[in-house]
1. Hey, any idea what % of the range 9-140's accessible area is carbon plus sulfur with a 1.4 Å probe?
2. By how many degrees, 0 to 90 and rounded to 10, does the Cα axis of helix 2-29 deviate from the longest principal axis of the chain?
3. Given the -39500 (n - 2.57) contribution per DSSP H run of 4+ residues, what per-residue ellipticity at 222 nm results for the chain, rounded to the nearest 500 deg cm²/dmol?
4. Using a Cα-Cα cut-off of under 29 Å, which lysines could be cross-linked to LYS123, ignoring same-chain neighbours fewer than 8 residues away?
5. Considering every pair of different Cα atoms, what Kirkwood radius, in Å, is found for the chain?
6. Based on the alpha-carbon gyration tensor of the range 102-155 and its eigenvalue square roots a ≥ b ≥ c, which shape applies: rounded if a/c is under 1.5, prolate if not and a/b is larger than b/c, or oblate?
7. Could you sort 123-132, 47-56, 90-99 so that the peptide with the highest average Cβ count within 10 Å comes first and the rest follow in order?
8. Under 1.5 on a/c is rounded, so check that first for the range 1-99, then, if it is not, pick prolate when a/b is larger than b/c and oblate when it is not; a ≥ b ≥ c are the square roots of the alpha carbon gyration tensor eigenvalues.
Amino acid sequence: MNNLIGFCYAIVRLIRRFRRKLKIISLRLRGVEVDSTAIIDPAAVFEPAGGKIKIGARTFIDRGVIIRPLGGHVVIGDDCSVNAYCVFLGGGGVKIGDSVRIAAHSVIVASNHNFSDPEMAIKDQGLTLKGVLVENDVWIGAGARVLDGVVVGTGCVIGAGSVVTRSVEPGMVVAGVPAKIISSR
């Protein structure tokens, strides 16, 4: 009986590995650059139309992640993990360095609506597209938001639920809405 259970588990693992490889092949056919050592859940959503997506070596993309370059780019470095239900919108460009950990439900938005003219509809006022840069060895906690124009320096920690509206110097720990420095590493 134990041999049968072990055999069934081995078959399930083989099927999962095959589905992940098929996902990488399908992404490459759609113009996404994916390193062959990346692990991408088949339920992740990539919408490369009008932009560029690149995924580095040994990077893990979990189920429900949505990556939309929106005419810009989303580049994720090596040895990163992007956990379930994160959203990256790359209008102005999103670049994530190496060894970055991004917890579930985090959002990175590299664009912002202009709204200075109250006489004109917001939808007609255009966008700013400054981009977002997350440098190496960063941990972004669950549910955090990183907004357009922000640089998150090497070695930073972004607390869960934080909204990062300004750049963060290397080695800082920030939290809150809006995110403020609470300590350094």
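The values are calculated or read from the model by the stated rules, or taken from the named source; none is laboratory data. Not measured: the values here are computed from a predicted model. No Cβ is skipped: glycine too gets one built from the backbone with ideal geometry, and neighbour counts run over all protein chains shown. Remember, those area values only see protein heavy atoms, side chains included, never the ligands or the DNA or RNA. Shrake-Rupley method; radii C 1.70, N 1.55, O 1.52, S 1.80 Å.
1. Summing carbon and sulfur atoms, their accessible area is 57 percent of the total for the range 9-140.
2. For helix 2-29, the angle is close to 40 degrees.
3. Only helices count here, giving -5500 deg cm²/dmol.
4. LYS52, LYS95
5. 17.3 Å
6. prolate
7. Listed from highest to lowest mean packing, they are 90-99, 47-56, 123-132.
8. Here the range 1-99 falls in the prolate category.
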